[in-house]
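What follows is one structure encoded as structure tokens, with my remarks underneath.
The values are calculated or read from the model by the stated rules, or taken from the named source; none is laboratory data. This is a predicted model, so every value here is computed, not measured. Every residue, glycine among them, receives a Cβ derived from its backbone with ideal geometry; neighbour counts consider all protein chains shown. Heavy atoms of the whole protein, side chains included, go into the accessibility calculation; ligands, DNA and RNA do not. Shrake-Rupley method; radii C 1.70, N 1.55, O 1.52, S 1.80 Å.
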Amino acid sequence: ELQRRARQREQSSLFENVEKWSAALFEDPRDPVTGPDDEAVTSVEFFDYKCGFCRRSHEWVTDVLDAHGDQVRFVFKEFPVLGPESVEASRAALAVWRTQP
């Protein structure tokens with residue numbers, strides 16, 4: 001029972017924080033975004049270019065966009081935590097993203 005209550009408190013805290021920080025999560029104009037603005041679902045993906053799990057999840061992201069691209073919006077959050085190469089890759093990618101029309 002104590003574990004169940006602790007999980008419930010953690011989940012409540014998570015939802016409260018998502019609501020509290022929703023503008024920073026979903027609407028930061030500096031973040032790369034793909035998908036329509038009037039989406040049914042928004043997914044926020046934190047990633048590092050050196051992360052193997054992040055690379056594997058990319059296939060899932062492209063599959064979802066191919067199947068449901070008109071109903072889902074992805075917000076990509078650069079999260080370069082795996083060293084200087086991650087920071088450099090993140091800066092390069094954001095520079096390219098910002099020069100796109």
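For Cys51, the criteria (1) open to solvent by less than 50 Å² (accessible area, probe 1.4 Å); (2) closer than 26 Å to Pro36 by Cβ; (3) of a type in the set (A, V, I, L, M, F, W, C) hold in every case but one, which is (2).
I want to confirm something. Restricting to the stretch 67-101 and keeping residues that are among the acidic types (Asp, Glu) and part of a helix (DSSP H, G or I), which single residue is farthest from Thr42 (Cα to Cα)? Can you show your working first?
As a first pass, look at the stretch 67-101 and keep what is among the acidic types (Asp, Glu): 70, 78, 85, 88.
Keeping just the survivors that are part of a helix (DSSP H, G or I) gives 85, 88.
On the way: Glu85: 29, Glu88: 27 Å.
If we take residues in the stretch 67-101 being among the acidic types (Asp, Glu) and part of a helix (DSSP H, G or I), then Glu85 is farthest from Thr42 (Cα to Cα).
Could you tell me whether the stretch 46-53 includes any residue that is in contact with a Pro (Cβ under 9 Å, 6 or more places away or on another chain), part of a helix (DSSP H, G or I) and at negative phi? No: zero hits.
How many of the residues making up the stretch 30-48 are open to solvent by 90 Å² or more (accessible area, probe 1.4 Å) and at pLDDT 90 or above? Explain how you work it out, then say what you get.
Our first condition is that a residue be open to solvent by 90 Å² or more (accessible area, probe 1.4 Å); within the stretch 30-48, this holds for 30, 37-38, 46.
Now drop any that are not at pLDDT 90 or above, which leaves 46.
Count: 1.
Hey, could you check the stretch 68-95 for residues that are β-branched (Val, Ile, Thr) and surrounded by 15 or more Cβ atoms within 10 Å (Cβ to Cβ) and say which is nearest to the chain's Cα centre (by Cα)?
Keep residues of the stretch 68-95 that are β-branched (Val, Ile, Thr), which gives 72, 75, 81, 87.
Imposing the further condition that a residue be surrounded by 15 or more Cβ atoms within 10 Å (Cβ to Cβ) reduces the set to 72, 75, 87.
Values: Val72: 13, Val75: 5, Val87: 17 Å.
Step by step, filter the stretch 68-95, then rank; the result is Val75.
Could you please give the count of residues in the stretch 84-101 that are among the small types (Gly, Ala, Ser) and in contact (Cβ under 8 Å) with a residue 40 or more places away in the chain? Outline the logic, then answer.
Here is the first cut: in the stretch 84-101, the ones among the small types (Gly, Ala, Ser) are 86, 89-90, 92-93, 95.
Subset that is in contact (Cβ under 8 Å) with a residue 40 or more places away in the chain: 89-90, 93.
Qualifying residue count, the stretch 84-101: 3.
Scanning the stretch 1-29 for residues that are loosely packed, with under 10 Cβ neighbours inside 10 Å and either closer than 17 Å to Phe76 by Cβ or touching a helix residue (DSSP H, G or I) at 6+ places or on another chain (Cβ under 8 Å) (or both) returns Ala23, Pro29.
Yes/no per residue for (1) closer than 24 Å to Pro84 by Cα; (2) more than 13 Å from the chain's Cα centre (by Cα):
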site	(1), (2)
Lys20	no, yes
Asp31	yes, no
Asp38	no, yes
Ser43	no, no
Gly52	yes, yes
Glu59	no, yes
Asp66	no, yes
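The requirement of being in a helix (DSSP H, G or I) and surrounded by 11 or more Cβ atoms within 10 Å (Cβ to Cβ) is satisfied by Val61.
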